[in-house]
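Data block below; observations after.
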Amino acid sequence: MLAAALACHRGARRPMPSGTHCQVLLLSLTFGTSMACGNVGLSTVPLDLAQLATTTTPLITLALSALLLGRRHHPLQFAAMGPLCLGAACSLAGELRTPPAGCGFLLAATCLRGLKSIQQSALLQEERLDAVTLLYATSLPSFCLLAGAALVLEAGVALSPAPTDSRLWACILLSCLLSVLYNLASFSLLALTSALTVHVLGNLTVVGNLVLSRLLFGSHLSTLSYVGIALTLTGMFLYHNCEFVASWAARWGVWRRSQPGKGL
């Protein structure tokens, strides 16, 4: 967060209206809370199960946009959430080896992640903030919230001595730089598309990770993983081509076309 503040300090647009500033602070609170819940969940839940919970983010984002913003979506977009989320979940469930425990924090983090994306999309598209300004505005409040959460959650934990290896510090600095670039790219993508589209593409990374793991490291994939990959790709196609699928179904008399509402 500090690296983002330093990197975006020059390019940020200032000053910011008071109403927009309150929305930015609320976004920082959502982001900090989701990070805290996610880290608490990861302390008791294996990584593969945490990724399994993350695959439901598109469905939660779709539901939140309809409930909180009153956005209307094409019926086939709702239908696409089934194979999309189920497929990504099956892809990971095929590799799951550890029984679940402490999933409440992961569920809260997943819901807050969807809410965060909706807030970001509103600030970028409706308030007309650019990606650099939004990243700069949220970096310092988020750092303060996460630092406070670390002090509370890590109280009583013995601190390890500071590393002295220069290569380790170089990796840490590189990680900070990549994090800034990732957030800028994510904010820019949100400004051009939507919160739901970003999370739909996020489920595709599950498939990409499994395929790369198979190609690069020779990892064995179960039958359930292959079924999950097929379902995820089917859901992706249905989500991005709902008008095409609807016109094809209407031509065969199994779908009655209607005026689609404005989606997120």
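Values quoted throughout were computed directly from the atomic coordinates according to the rules given, and no laboratory measurement underlies them. Bear in mind the structure is a predicted one, so any value in this text is a computation, not a measurement. Note that we place each Cβ from the backbone using ideal geometry, even for glycine, and neighbour counts take in every protein chain shown.
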> How would you rank Thr44, Thr133, Thr33, Thr61, going from fewest to most other Cβ atoms within 10 Å of each one's own Cβ?
Replying inline: Thr44, Thr33, Thr133, Thr61
> Along each of its three principal axes, how wide is the spread of alpha-carbon positions in region 105-255, in whole angstrom units, largest first?
Replying inline: 68, 47, 29
> Based on the Cβ-Cβ distance from Asp165 to Asp130, what FRET efficiency comes out when R0 is 35 Å, to the nearest 0.05?
Replying inline: 0.40
> Rounded if a/c is under 1.5, else prolate if a/b is larger than b/c, else oblate: which is region 159-220, with a ≥ b ≥ c the root eigenvalues of its Cα gyration tensor?
Replying inline: oblate
